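For reference, the structure is listed below as structure tokens.
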């Protein structure tokens, strides 16, 4: 082998060894980085869990304090201090109306007042059942429609004016075609979640001409 070939071979060998060393270094670095990230993730998750646990402990302590306060009150005094619902009333604003402007009533607007023992309007938590009746129809077809308003929907329906407040609902009658002058009976049943009482009322209504 010529001397020039030997030098060329040695140069190529040195280059190859350098490339191998750089590759090994890069692989080692990536592995170390992956290990660091792998260890950091569980650590971060554990810290989040510890924070949530502290929040739950604080909330639990607060609720226990509230319970101790309530238990320390005289039950009769506590009950008398609570504003209690005593009556419900369907207002004059309640009516059937033609929402689609096709000459037939297709919607029901209900305004219901919830009244306490002092005669004031109050926003009472509970569940409301509304029924629309045609008492002049065949006995098997007198009930036209029934709706149940859950507590979460009821609390968002509180409305009113400067003079009074009430729960307001606009309910569709998709399967009922009523003439504009139709006379119907509407009933309302309110379950008061504060006292467990069930209050009922009814009203004869007419559509808007």
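With respect to the conditions (1) buried (at least 17 other Cβ atoms within 10 Å of the Cβ); (2) outside any strand (DSSP E or B), residue 132 lacks only one, and its number is (2).
Among the candidates 93, 113, single out the residue that is outside any strand (DSSP E or B) and in contact with a strand residue (DSSP E or B) (Cβ under 6 Å, 6 or more places away or on another chain). Walk me through how you get there before you give the answer.
Values: 113 fails: outside any strand (DSSP E or B).
It is 93.
Across region 95-110, the number of residues qualifying as under 28 Å from the mean Cα position of the chain (by Cα), surrounded by fewer than 18 Cβ atoms within 10 Å (Cβ to Cβ) and either at pLDDT below 85 or not assigned by TED's automatic domain parsing to the domain that holds residue 146 (or both) comes to 1.
Would you say residue 73 is outside the structural domain of residue 190 (by TED's automatic domain parsing), assigned to a loop (DSSP other than H, G, I, E, B) and modelled with pLDDT under 80?
Details: outside the structural domain of residue 190 (by TED's automatic domain parsing): yes; assigned to a loop (DSSP other than H, G, I, E, B): yes; modelled with pLDDT under 80: yes.
Spelling it out, residue 73 is indeed outside the structural domain of residue 190 (by TED's automatic domain parsing), assigned to a loop (DSSP other than H, G, I, E, B) and modelled with pLDDT under 80.
When the residues of region 146-164 are filtered to those that are part of a strand (DSSP E or B) and modelled with pLDDT of 90 or more, the one that is surrounded by the most Cβ atoms within 10 Å (Cβ to Cβ) is 149.
If we scan region 165-174, do we find a residue that is under 19 Å from residue 203 (Cβ atoms), assigned to a loop (DSSP other than H, G, I, E, B) and either at pLDDT below 85 or within 27 Å of the chain's Cα centre (by Cα) (or both)?
Step one: list which residues in region 165-174 are under 19 Å from residue 203 (Cβ atoms), which gives 165-171, 173.
After this cut, where a residue has to be assigned to a loop (DSSP other than H, G, I, E, B) as well, the list is 173.
Restricting the remaining residues to those that are either at pLDDT below 85 or within 27 Å of the chain's Cα centre (by Cα) (or both) gives 173.
Yes, region 165-174 contains at least one residue that is under 19 Å from residue 203 (Cβ atoms), assigned to a loop (DSSP other than H, G, I, E, B) and either at pLDDT below 85 or within 27 Å of the chain's Cα centre (by Cα) (or both).
The values are calculated or read from the model by the stated rules, or taken from the named source; none is laboratory data. Since we're looking at a predicted model, the values are computed, not measured. Positions of Cβ are backbone-derived with ideal geometry, glycine not excepted, and every protein chain shown enters the neighbour counts.
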